Every structure is written in C-alpha cells, then in structure tokens.
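Here the structure is laid out as structure tokens; the discussion comes afterwards.
The values are calculated or read from the model by the stated rules, or taken from the named source; none is laboratory data. This structure is a prediction, so every number in the text was calculated from the model and none was measured. Note: ideal-geometry Cβ built from the backbone for every residue, glycine included; neighbour counts use all protein chains shown. Heads up: the accessible areas ignore ligands, DNA and RNA and are worked out on the full protein's heavy atoms, side chains in. Shrake-Rupley method; radii C 1.70, N 1.55, O 1.52, S 1.80 Å.
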Amino acid sequence: QVQLVESGGGLVQAGESLRLSCAASASVVSFDTMGWYRQAPGKQRELVAMTARGGNVNYADSVKGRFTISRDNGKNMMYLQMNSLRLEDTGTYYCNVWRLPNVYWGQGTQVTVSS
C-alpha cells in the first residue's frame with residue numbers, strides 16, 4: 001500500500017505561480033509512473049503531467065511550457081511547478097502513482113485561480 005499526500009494548493013491570481021508537492025510513503029524509485037491529474041467542477045479528471053521510470057515526461061497540451069513535473073528520489077517527493085496560471089487551471093489536483101499492477105491516488109489539493 002502506498003499513501004500519497006498532496007500539499008501546496010491555494011488561491012492565486014491569474015499569472016501567478018504555485019508549486020504542488022506530493023509526499024509518498026514508499027520509495028519513488030519503485031514506481032512505474034508518477035503524475036498529476038486535475039478535476040474541475042463538472043468535468044472529468046484529466047492528466048496534467050506524468051513522468052515514467054525510464055525518464056519520459058508527458059504534459060497536457062494546455063500546460064506545456066507553463067508547468068514542470070519533477071521528483072526528488074531522496075525525499076520520496078514529487079512536485080508540480082505551475083507558472084503563468086490561468087482561470088482554466090482551477091480544480092482539484094491529484095497525485096497519481098502506478099506501481100504495477102496497482103494504482104494509487106492522493107486525496108487532492110485545491111487550486112483556485114482568480115482574475
């Protein structure tokens with residue numbers, strides 16, 4: 001079992017930045033993928049960014065050039081640096097991990113971007 005705890009969400013104005021953190025209860029080196037998803041009210045959960053064991057990184061088109069996913073293997077942490085935030089980035093952000101064959105989710109952290 002893996003516990004994931006997100007932090008760093010909050011209320012910001014458009015154009016500002018936030019850094020989300022995800023603390024894992026197990027070694028991140030053991031994970032096949034680590035990523036961030038988000039869900040806006042009334043919408044489906046969507047992938048924001050993901051990093052795989054081999055080093056591949058994928059971003060949603062809507063965040064490319066603005067968001068950066070990273071991880072600290074020594075601290076068992078994952079981060080999402082979010083710059084130039086837009087109103088449409090508002091939502092609950094979830095940390096996601098695959099350690100095959102299991103998938104794990106955090107409880108989510110709220111990000112609200114105001115004009």
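Would a scan of the range 77-93 turn up a residue that is of a type in the set (S, T, N, Q) and over 26 Å from Gly15 (Cβ atoms)?
no
Going by the conditions given, is Ser30 modelled with pLDDT under 95 and surrounded by 12 or more Cβ atoms within 10 Å (Cβ to Cβ)? Step through it out loud before you land on a result.
Values: modelled with pLDDT under 95: yes; surrounded by 12 or more Cβ atoms within 10 Å (Cβ to Cβ): yes.
Yes; evaluated as a whole, the condition is true for this residue.
Please find, within the range 57-115, the residue that is most open to solvent (accessible area, probe 1.4 Å) out of those that are among the β-branched types (Val, Ile, Thr) and not in a strand (DSSP E or B).
Thr90
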